[in-house]
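Structure first, then comments.
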2 protein chains.
Amino acid sequence: MHTGLPFDDIRALFLHLPEPDGNAALAAAERENQLIKPRGALGRLEAISAHIATWQGKARPIVNRPLVAIFAGSHGVAAKGVSAYPSEVNAAMLASFSAGHAAINQICKTFDLGLKVFDLAIAMPTADITEAAALEEAACAATIGFGMEAIANGTDLLCLGEMGIGNTTPAAAIYAALYGGPAVDWVGRGTGVDDAGHARKVAAVEQALALHRDHLRDPLEVLRRLGGREIAAMAGAILAARMERVPVILDGYVATAAAAVLHAVNPLSTAHCLAGHCSAEGAHARVLDKLGLAPILDLGLRLGEGSGAALAAGIVKAALACHNGMATFAEAAVPEKRN
Amino acid sequence: MHTGLPFDDIRALFLHLPEPDGNAALAAAERENQLIKPRGALGRLEAISAHIATWQGKARPIVNRPLVAIFAGSHGVAAKGVSAYPSEVNAAMLASFSAGHAAINQICKTFDLGLKVFDLAIAMPTADITEAAALEEAACAATIGFGMEAIANGTDLLCLGEMGIGNTTPAAAIYAALYGGPAVDWVGRGTGVDDAGHARKVAAVEQALALHRDHLRDPLEVLRRLGGREIAAMAGAILAARMERVPVILDGYVATAAAAVLHAVNPLSTAHCLAGHCSAEGAHARVLDKLGLAPILDLGLRLGEGSGAALAAGIVKAALACHNGMATFAEAAVPEKRN
């Protein structure tokens, strides 16, 4: 076990997490029940409004500045042939985000969401997790801290996404380390590897788990050894959002790995997170179940880039529009339920 | 069996339905596979783009003028105590739609959807289906024709919704008549009836089925006898949309009844329809399965008003934004898959 100062600073954050605001939740629920609809008729939308109220700590939850943050990382393990695409795609995709060419750009335009992309040294891959720890402790802690900057310019809803060729392999390794079971249970097809690539991916996760097996009881060590920079940064972003009472929407298989690490440290630490969607990748549905999260959408996506979180942000915006914009039975003079 | 001229005119429409445009579908699929993402990574969004291309008959599917059409009807069977709300709610809700107070107004604002509300003589309820046919044949055919006007001012995506106190009872009766099985299997809680109200609802459906049992082999007779004006009008809107190559998004339990009637006449007649969501009402999931429709959303809604269809329209807009706005691998100089 490491006892270096950097991780201790991170650990200390878990001791001062803002709690759910019960008064805001109650006020939102009271308003919800006065709106001109049968009670509960907006289903999940009502739960979403309550969630945003609870974690923003506002009786009237508001999303005026939604932000999609994409963290991009580069992975040493990609050299083991675990992805269908070469690592050069990382730089090309960063350029595409800047040029407005990617899927996430179109989704952000559709729902009027802000977009920021964080390049986590994609020119410098992390160490290959089958041969060493992905990151030194100081680097991992610094990357978590860098991720905390995601919300520095202000947002009231943070959608977390990522990009990094090969990064479903570290995510699978993290899940296997946290939840146990054979590697193959956690490994999916990523961007579309063939059978041989899938076998290399399973082997890579098995090798990484074997190499690091004596150091996987501490979730932050799991992150440092088996993860990658974008996963560490997303963990930081989730923590920072919690400190500032910003609700979070997680994207898919890789983004959820960041939440899984935090959840393993303290299950209360991810209570402000919503699952944007259930990914078609690997065992994402099982992971969401472990985290107690029910996905808002289930559209068979497996793209990353925050795409599923951003689509879910459209639903969240609609939920709050209903919550804040609808009239009450009294205001609209609609007759109420009679039994 | 009735052989009056009006229904014959409706029946004739089924003989001249535009077919899927295979060339447009192929062109859209070819473009989809060149976009900068792993093939298939946008999951359902890709299928949605293909669906819109196929039914619009355009290689580049476009939704610039999406429209939510709400049809409002009034039901004689409401006097049997099948709803938790009094029929006066019908007029109050129409006023709320006009004033922008309802849930659907907020959702339309969020996703920039047009909204039209059609008052189908809510001051004049249809006959109580437990005592007579809901509509005369001429009135039913005229209402179907009225529904065809929904798209008269032009739209490229029609979201179909409804409002009408008591109307989950006729919808349940239609499903029971079309698909068989005991009435209770099709009856839900609607706007939230208590156990006694639910029992009255089941009894009403049973009585209606018994009364009309010798006339339920023809789906249009099922519609006329057990339905209501909003359901007939939505059937007309679906047919008119098909004739004009406008894709349709169905809302929930009641809107789907209109599609179920058409599907029973000719299963090909609803192929241009998407299921916006799976409702929490009654046996909606089973109905969608009968129609071969997979819902885009599953958010536990049971409101009507086109709310689920309008939320799904947001997803459809995002799908087309991706399809039309993303760069190709060649345009963006992103390296392609290597295996």
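The values are calculated or read from the model by the stated rules, or taken from the named source; none is laboratory data. Because the structure is a prediction, the values reported are computed rather than measured. No Cβ is skipped: glycine too gets one built from the backbone with ideal geometry, and neighbour counts run over all protein chains shown.
Is it the case that region A:27-39 has a residue that's in contact with a helix residue (DSSP H, G or I) (Cβ under 9 Å, 6 or more places away or on another chain), away from chain B (no Cβ under 14 Å), in contact (Cβ under 8 Å) with a residue 24 or more places away in the chain and not acidic (Asp, Glu)? Within region A:27-39 (the criterion being in contact with a helix residue (DSSP H, G or I) (Cβ under 9 Å, 6 or more places away or on another chain), away from chain B (no Cβ under 14 Å), in contact (Cβ under 8 Å) with a residue 24 or more places away in the chain and not acidic (Asp, Glu)), the answer is yes, since at least one residue qualifies.
Kindly evaluate B:Gly181 against the criterion of being assigned to a loop (DSSP other than H, G, I, E, B), within 21 Å of the chain's Cα centre (by Cα) and at positive phi.
no
In region B:59-98, the residue that is surrounded by the fewest Cβ atoms within 10 Å (Cβ to Cβ) out of those that are of a type in the set (Val, Ile, Thr) and closer than 16 Å to B:Glu305 by Cα is B:Val89.
Does A:Ala240 satisfy the criteria of being under 17 Å from A:His263 (Cα atoms) and touching a strand residue (DSSP E or B) at 6+ places or on another chain (Cβ under 8 Å)? The answer is no for A:Ala240. A:Ala79 meets each of the listed conditions (1) under 29 Å from A:Leu293 (Cα atoms); (2) within 14 Å of chain B (Cβ to nearest Cβ); (3) touching an Asp or Glu at 6+ places or on another chain (Cβ under 9 Å) apart from (1).
Considering only region B:297-330, how many residues are farther than 21 Å from A:Gly43 by Cβ and facing chain A (nearest Cβ under 7 Å)? Matching residues across region B:297-330 total 6. Taking region B:13-123 and the helices (runs of 4 or more DSSP H) fully enclosed by it, the elements with 1 or more residues that are closer than 30 Å to B:Arg225 by Cβ are at B:88-99, B:103-111.
Listed here are the residues, each with its yes/no results for (1) farther than 27 Å from A:Phe111 by Cα; (2) at pLDDT below 95.
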site	(1), (2)
A:Glu19	yes, no
A:Arg31	no, no
A:Gly40	no, no
A:Ile48	no, no
A:Ala69	no, no
A:Ala72	no, no
A:Pro86	yes, yes
A:Ala91	no, no
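For residues in region A:258-279 being out of contact with any helix residue (DSSP H, G or I) (no Cβ under 6 Å at 6 or more places or on another chain) and surrounded by fewer than 22 Cβ atoms within 10 Å (Cβ to Cβ), which is nearest to the other protein chains (Cβ to nearest Cβ)? Among them, the one singled out is A:Ala271.
Residues in region B:138-164 that are modelled with pLDDT under 95 and buried (at least 20 other Cβ atoms within 10 Å of the Cβ): B:Ala150, B:Ile151.
Just one of the numbered conditions (1) out of contact with any Gly (no Cβ under 6 Å at 6 or more places or on another chain); (2) of a type in the set (S, T, N, Q); (3) within 14 Å of chain A (Cβ to nearest Cβ) is not true of B:Gln106: (1).
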